[in-house]
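> Take this structure first; my questions come after.
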Amino acid sequence: LGREPHRPFEDVLPGIAPSTASVILIDESASMHHHIQAAQKTVLALTDCFESLLCPTMVVGFRDGEDPDPMPTDRIIEQGRYHRVKGVNFDLFKTFEEPLHQILGRFAGIQTEGSTPMADGIHLALNWLRERREQQHLIFLLTDGMPTGLGDPKAVVRGLIARAQKEGCTLIAIGIGEGAKPVAHLFPDHVWAPDFESLPKLTI
């Protein structure tokens, strides 16, 4: 209006904050040892993409160590209440707030051991995203195989997929190698490639 303000003011404008938050999960099971470089490149590409769009992104790996769950007792089998009776290790590579360029060296610390506690990783990601205020939530799961655990681990993952859909979260499985081909039957949203070279285009 051609007039200068007489005092400073502050206002909160709607629609300024990024509308998407994502969590990238890295399968750190022993078999992923053969796909470490592919996993690193894929995670860096996804994280850099979302960061350039100002979308907060967290990156975490999941593994259960060299000694996976023991054989369950009869009581646990009868009750059918547990899919795991031992702890799971989570390796936090990047928080939502950290810039990618500050944490690049952490990806060299990806460890591979044990089996694939996939359900535990998804559960953790859903809990984190539930606290976010962004309108759209995404989970990318990078794996070379199927979930492990007591009872029926695939059923546990299906339950988490249904929960994610109910909460408005899109869960996308990214499978690498022949062992991950069944992701197409477990995850409604998925990408699978026999090798890394064809993975980026399919993921986009």
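> Please compute the length gained on full extension between GLU134 and HIS33, using 0.36 nm multiplied by the number of residues separating them and subtracting their Cα-Cα distance.
Once the chain is fully extended between GLU134 and HIS33, it gains 32.9 nm.
> Within the range 22-63, list the residues whose amide N lies under 17 Å from a label point set 7 Å along Cα→Cβ of ASN127.
Counting backbone N atoms under 17 Å from the label point, the list is 23-26, 58-63.
> Return the sequence-ordered ³J(HN,Hα) values of the range 167-174 in whole Hz as given by the Karplus equation 6.51 cos²θ - 1.76 cosθ + 1.60 applied to θ = phi - 60°, using x for Gly and Pro.
My calculation for the range 167-174 gives 8, x, 9, 8, 10, 10, 8, 10 Hz in order.
> Could you sort ARG158, ARG133 by accessible area so the largest value comes first, with the probe set to 1.4 Å?
Numbers: ARG158 120, ARG133 225 Å².
Correct descending sequence by accessible area is ARG133, ARG158.
> Further question: Restricting to Cα atoms and excluding each atom paired with itself, what does the Kirkwood estimate give for the chain in Å? Don't skip to the answer; put the middle values down first.
Numbers: mean 1/r = 0.0548 Å⁻¹.
Result for the chain, one decimal place: 18.3 Å.
> Now for a different question. So what is the calculated 222 nm ellipticity per residue for the chain, using -39500 (n - 2.57) for each DSSP H run with n of 4 or more, over all residues, to the nearest 500 deg cm²/dmol?
Numbers: 7 runs with 63 residues, N = 204.
After summing the helix terms and dividing by residue count, I get -8500 deg cm²/dmol.
> Please list 3J(HN,Hα) in residue order for the range 181-195, calculated via the Karplus relation 6.51 cos²θ - 1.76 cosθ + 1.60 where θ = phi - 60°; whole Hz, with x for glycine and proline.
Rounded to whole hertz, the list is 4, x, 4, 5, 8, 9, 10, x, 9, 7, 9, 9, 9, x, 8.
> Efficiency by 1/(1 + (r/R0)^6): what FRET value for GLN111 and GLU10, r their Cβ-Cβ distance, R0 = 35 Å, to the nearest 0.05? Spell out each step's value before the answer.
Working: r = 46 Å, r/R0 = 1.32.
That pair, GLN111 with GLU10, gives E of 0.15.
> May I ask you to compute the full-extension gain from LYS41 to LEU202, defined as 0.36 nm times their residue separation minus their alpha-carbon distance, rounded to one decimal in nm? Spell out each step's value before the answer.
Working: separation 161, 0.36 × 161 = 57.96 nm, distance 1.44 nm.
That pair, LYS41 and LEU202, stretches by 56.5 nm at full extension.
> Might you report the magnitude of the Cβ-based charge dipole of the chain about its Cα centre, with Lys and Arg at +1 and Asp and Glu at -1, to the nearest 20 debye?
On the way: 19 positive and 27 negative charges, 110 e Å.
That gives the chain a dipole magnitude of about 520 debye.
> Of all accessible surface on the chain at a 1.4 Å probe, what whole percent is carbon and sulfur? It would help to have the intermediate numbers written out before the result.
Values: 6350 of 11760 Å².
Within the chain, the accessible surface is 54 percent carbon and sulfur.
> Along its principal axes, what span do the Cα atoms of the range 112-204 show, with the longest given first and each in whole Å?
Each principal axis gives a Cα extent; for the range 112-204 these are 36, 34, 24 Å.
The values are calculated or read from the model by the stated rules, or taken from the named source; none is laboratory data. Quick caveat, the model's predicted, so the values are computed rather than measured. Note that each Cβ is placed from the backbone with ideal geometry, even for glycine, and that neighbours are counted across all protein chains shown. To get the accessible areas, we keep the full protein, side chains included, count just its heavy atoms, and leave off ligands, DNA and RNA. Shrake-Rupley method; radii C 1.70, N 1.55, O 1.52, S 1.80 Å.
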